[in-house]
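Below you'll find the structure, written out as structure tokens, and then a few comments.
The values are calculated or read from the model by the stated rules, or taken from the named source; none is laboratory data. Note that this is a predicted model, so its numbers are computed, not measured. Reconstructed Cβ throughout: ideal geometry from the backbone, glycine too, with neighbour counts over all protein chains shown. For the accessible areas, the whole protein counts, side chains as well, though only heavy atoms, and no ligand, DNA or RNA atoms are used. Shrake-Rupley method; radii C 1.70, N 1.55, O 1.52, S 1.80 Å.
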Amino acid sequence: MQSDLSSKLHVGIIMDGNGRWATRRRLSRLRGHEAGVEAIRRIVEAAPKQGVGTLTLYAFSSDNWRRPKAEVSALMALLRFYLASEVESLVKNGVRLTVIGRRDRLPAGIADAIGRAEQSTADGAVLHLRIAVDYSARDAILKAAALAAGMGDLTREGFSRLVTGEPFLRDVDLVIRTSGEQRLSDFMLWESAYAELHFTQRMWPEFQAEDLAEALASFHRRERRFGGLQPELQEMVGEMEMSV
Ligand code: IPE
Ligand code: IPE
Ligand code: MG
């Protein structure tokens, strides 16, 4: 099932701007995070209709523990709420949920709730939704490197399996970051080696299906060369060399 999804796009989203969105409206940052959950619902629904097979959402970075305790608690409570309230609709819509990142530092009960949600949604074949919580790409790579030590010759594919924890995960095609920031903030550094990047001013709570469509339209206009030449040029240069 997963191999079918891997023929479709893998999009990663750095969901940024919840706090600023709320502050500009004289709301608490928590309200911004709540509105962010609504945006997640919209985009999870829209993504498969737009050719996305895998969607990785950055919800909480390992560096986000630095935020004030109250905000961290509120974010963890929202995660707990999302896991409890969403599973039914994820199953109904054929969404397989997995959570990436560390689980040992999450408040009591959340790791179990994640495990249950992953089990209940395991058969989802319409979209693979990955939510990154207590996630750091550099830590994931370090962990993979420790596992790889002593494994002898390792291919990129083999190392990818260690980094992602998935038997096969398609490399990221497109990374979207909202709120105008233009940085990766330790998100999927290995998997995004050739990802196209799309930055938008839109704050995450106001991100709509149309914004995803716009990002994907821009993605489809781009020419991905993976280090080669553009196809026409590749052919032309090939012919020239033949005739020399
Ligand atoms: C993104 O919004 C959500 C998380 C990082 C948890 P922010 O909370 O970073 O919002 P800004 O960047 O402060 O506006
Ligand atoms: C990145 O956003 C993490 C998430 C969106 C979950 P931050 O708002 O934490 O990133 P920086 O600190 O601006 O780089
Ligand atoms: Mg931010």
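What FRET efficiency comes out for the pair residue 241/residue 189, r = Cβ-Cβ distance, R0 = 35 Å, nearest 0.05?
0.45
With r defined as the distance between the Cβ atoms of residue 232 and residue 157 and R0 fixed at 30 Å, what FRET efficiency is calculated, to the nearest 0.05?
For R0 = 30 Å, the calculated efficiency reads 0.50.
Describe numerically, in nm with one decimal, the distance between label points set 7 Å from Cα along Cα→Cβ at residue 93 and at residue 209.
1.0
Kindly write out, for the range 50-57 in residue order, the coupling ³J(HN,Hα) from the Karplus curve 6.51 cos²θ - 1.76 cosθ + 1.60 (θ = phi - 60°), rounded to whole Hz, with x marking Gly and Pro.
Calculated HN-Hα couplings, in order: 10, x, 8, x, 10, 10, 10, 10 Hz.
What part of the accessible area of the chain, given as a whole %, is carbon or sulfur when the probe is 1.4 angstrom?
Carbon and sulfur: 53 percent of the exposed surface of the chain.
Label-point separation (nm) for residue 71 and residue 112, each offset 7 Å from Cα along Cα-to-Cβ?
If labels sit at residue 71 and residue 112, their model points lie 3.1 nm apart.
Give me a comma-separated list of calculated 3J(HN,Hα) values for the range 62-72, in order, Karplus coefficients 6.51, -1.76, 1.60 applied at θ = phi - 60°, integers in Hz, x for any Gly or Pro.
4, 7, 5, 4, 6, 6, x, 3, 5, 5, 4
Report the Cα centroid-to-centroid distance between the range 175-207 and the range 102-153 in angstrom, as an integer.
20
Rounded if a/c is under 1.5, else prolate if a/b is larger than b/c, else oblate: which is the range 138-203, with a ≥ b ≥ c the root eigenvalues of its Cα gyration tensor?
Here the range 138-203 falls in the prolate category.
Rounded to the nearest 0.05, what FRET efficiency do residue 123 and residue 84 give with R0 = 22 Å and r taken as the Cβ-Cβ distance? Could you check?
That gives a FRET efficiency of 0.65.
Could you give log10 I(q)/I(0) at q = 0.09, 0.12, 0.15, 0.17 Å⁻¹ for the chain, computed by the Debye formula over C-alpha point scatterers of equal weight, without solvent?
After summing over all Cα pairs, the log10 values are -0.42, -0.72, -1.10, -1.40.
Go through the range 125-142 residue by residue and turn each phi into a ³J(HN,Hα) via Karplus (6.51, -1.76, 1.60, θ = phi - 60°); whole Hz please, and just put x for glycine and proline.
So the J values, rounded to whole Hz, are 10, 8, 8, 9, 9, 10, 10, 8, 10, 6, 10, 9, 4, 5, 5, 5, 5, 4.
What is the distance, in nm, between label points placed 7 Å from the Cα along the Cα-to-Cβ direction at residue 4 and at residue 166?
1.6
How many lysine pairs does the chain hold where the Cα atoms are under 28 Å apart and the two sit 8 or more places apart or on different chains? Display every interim value, and only then the final one.
Details: 8/49; 8/92; 8/143; 49/92; 69/143.
Lysine pairs meeting the criterion: 5.
Apply the a/c threshold of 1.5 to the C-alpha gyration tensor of the range 45-168 and tell me whether it is rounded, prolate or oblate.
The shape class here is oblate.
When ligands, DNA and RNA are left out and all protein chains stay put, how many square angstrom of accessible area per residue does the range 1-104 have with a 1.4 Å probe?
Solvent-accessible surface per residue comes out at 50 Å².
Relative contact order (percent) for the chain, with alpha-carbon contacts under 8 angstrom and 6 or more residues of separation?
Rounded, it is 26 percent for the chain.
Would you mind giving the three semi-axes, in whole Å and largest first, of the ellipsoid equivalent to the range 1-57 according to its Cα gyration tensor?
30, 9, 8
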